[in-house]
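Each remark here refers to the structure printed beneath this line.
Where a number appears in this text, it was derived from the coordinates with a stated rule and is not lab data. Here the structure is a predicted model, which means the values were calculated and not measured. Positions of Cβ are generated from backbone atoms using ideal geometry, with glycine treated the same way; all protein chains shown enter the neighbour counts.
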Amino acid sequence: MNSHQGERGFAGQVAVVTGAGSGIGRACAERLAQRGTVIAVLDSNTDAAAESAAQITLAGGKALAVAVDVSDELAVGRAVARVCDTLGQPTILVNAAGIIVRKGLLDSTVQEWRRVLDVNLTGYFILLKAVIPAMRMAGGGSIVQIASIAGHIGYGFSSYTAAKGGVLALTKQLAGELAQDGIRINSVSPGVVRTGLNRDTLGTPAIAGATIQNIPVGRLGEPRDIAAAVCFLAGPEASFVTGTDLVVDGGMVSKIHWPSGARELQNFHAEVGSTR
Ligand SMILES: NC(=O)c1ccc[n+]([C@@H]2O[C@H](COP(=O)([O-])OP(=O)(O)OC[C@H]3O[C@@H](n4cnc5c(N)ncnc54)[C@H](O)[C@@H]3O)[C@@H](O)[C@H]2O)c1
């Protein structure tokens, strides 16, 4: 890693944040902007991108909204060129744009599978290819990829889980490849976070309640919880951290969840635990 890495703060740096029109991407963009980073808000939803950029500007930050589909290589190339021309070379990339198709394997079409992989994995690859040359020219940088607990365990749906597992593996692969350019790359694996992605499921009280019961800290995640972890990994305090994944899930994957029999097990432990 070259000497630039670890010396950079956030102020005056340029960050490309995908999916920044909503949820986790937006919270990351806002948090980075609060630290003085200039934000390129990339999102396929034109209105959402404009709204995020406007909010950042209103709060005293600097942002440029760029409407782009991350799975479109040519469009992403044009978008990143525009960012470089308008804001300067990015030294931070947060890959957060994502979609989900909630279908079991046999119900999923190949088209749905391809779209989820296209956005959630190939889209990350396309952004990496577009942004890393600029980061190199700037002397280094830091990349944070939003993965998921679904990349660690069988939680979710096959196309989504496969894509997120791919993000975890790609991140580890690239840590070694990019270190010589002064570029760090890490991922964050959120648990269940209240965003547009799961507004429908979490909007159902029974599902939200059951989900919270599976989270040891006793609440759903908020986009700001993820943004805090992303900012740590993106910033100078993580200058010795690369190729790792930070699970931010309120403890959800740290324990085995018993659909039934949990109370019996607890009682058993209470009765005999101290004598064995
Ligand atoms: N919400 C959760 O519980 C959760 C958990 C784990 C991981 N994640 C991941 O977090 C990331 C952010 O999702 P979120 O939860 O904030 O959802 P969200 O729906 O609130 O935000 C996703 C954003 O990505 C944008 N987007 C979708 N497809 C795009 C494309 N092709 N090109 C550009 N932009 C596109 C959407 O317009 C939206 O603004 C995703 O990668 C998601 O898989 C979310």
- Message: Between helix 123-138 and the chain, what is the angle of the helix's C-alpha long axis to the longest principal axis, kept within 0 to 90° and rounded to the nearest 10?
- Response: 50
- Message: Using 0.36 nm times the number of residues separating Thr122 and Asn45, minus their current alpha carbon distance, what extension gain do you get?
- Response: 25.9 nm
- Task: Would you mind ranking Tyr160, Tyr124, Tyr155 so that the residue whose beta carbon has the fewest other beta carbons within 10 Å leads the list?
- Result: Tyr155, Tyr160, Tyr124
- Message: So if I place +1 on the C-beta of Lys and Arg and -1 on the C-beta of Asp and Glu, and nothing else carries charge, what would the dipole magnitude of segment 1-84 be about its Cα centre? I want it in debye, nearest 20.
- Response: 340
- Task: Only Lys, Arg, Asp and Glu count, each charged at its Cβ (+1, +1, -1, -1), so figure out the dipole size of the chain about its Cα centre, rounded to 20 debye.
- Result: 240
- Task: Hand me the chymotrypsin sites (Phe, Trp or Tyr not before Pro) from segment 178-269 located in a DSSP loop with no more than 13 other Cβ atoms within 10 Å, in residue order please.
- Result: Phe240
- Query: What residues qualify as long-range amide H neighbours of Gly141, i.e. H under 5 Å apart, gap of 5 or more or another chain, H built at 1.01 Å from N?
  - Reply: Ile183, Arg184
- Per 10 Å bin from zero, what fraction in whole % of the C-alpha pairs of the chain is there, up to the bin with the longest pair? 7, 29, 34, 18, 7, 3, 1, 0
- Item | Phi-based couplings in Hz for segment 95-104 (Karplus 6.51, -1.76, 1.60; Gly and Pro marked x) | 8, 10, 4, x, 9, 9, 10, 8, 9, x
- Using a 10 angstrom cutoff on alpha carbons, build the Gaussian network for the chain and name the most mobile of Ile226, Ile149, Ile212. Ile212
- Work out the charge dipole of the chain with +1 on the Cβ of Lys and Arg and -1 on the Cβ of Asp and Glu about the Cα centre, then indicate which of Ala130, Val41, Ser187 is farthest towards its positive end. Ser187
- Query: Taking θ as phi - 60°, what are the ³J(HN,Hα) couplings along segment 198-211 by the Karplus curve (6.51, -1.76, 1.60), each to the nearest whole Hz, with x for Gly and Pro?
  - Reply: 10, 4, 5, 5, 6, x, 8, x, 5, 6, 4, x, 5, 5
- Item | Rounded Å value of the spacing that divides the Cα centres of segment 160-230 and segment 37-78 | 21
- What ³J(HN,Hα) values, in whole Hz, does the Karplus curve 6.51 cos²θ - 1.76 cosθ + 1.60 give for segment 41-49 when θ = phi - 60°, with x put for Gly and Pro? 8, 9, 7, 6, 8, 4, 5, 5, 4
- Residues Glu264, Glu112 in order from fewest to most other beta-carbon atoms within 10 Å are Glu264, Glu112
- Computed about the Cα centre, the charge dipole of segment 141-222 from +1 Lys/Arg and -1 Asp/Glu charges at the Cβ has a magnitude in debye, to the nearest 20, of 160
- Item | Tail beyond 27 Å, pair distance distribution of segment 97-237 (Cα, percent) | 27
- Message: Starting from a Cα-only point model with no solvent, please compute log10 I(q)/I(0) by Debye for segment 226-276 at q = 0.14, 0.16, 0.23 1/Å.
- Response: -0.61, -0.65, -0.91
- Query: Using modelled backbone amide H atoms (1.01 Å from N, in-plane), which distant-in-sequence or interchain residues come within less than 5 Å of Ser187's amide H?
  - Reply: Gln145, Thr244, Asp245, Leu246
- Item | In the chain, lysine pairs with alpha-carbon atoms under 27 angstrom apart (chain gap of 8 or more, or interchain) | 8
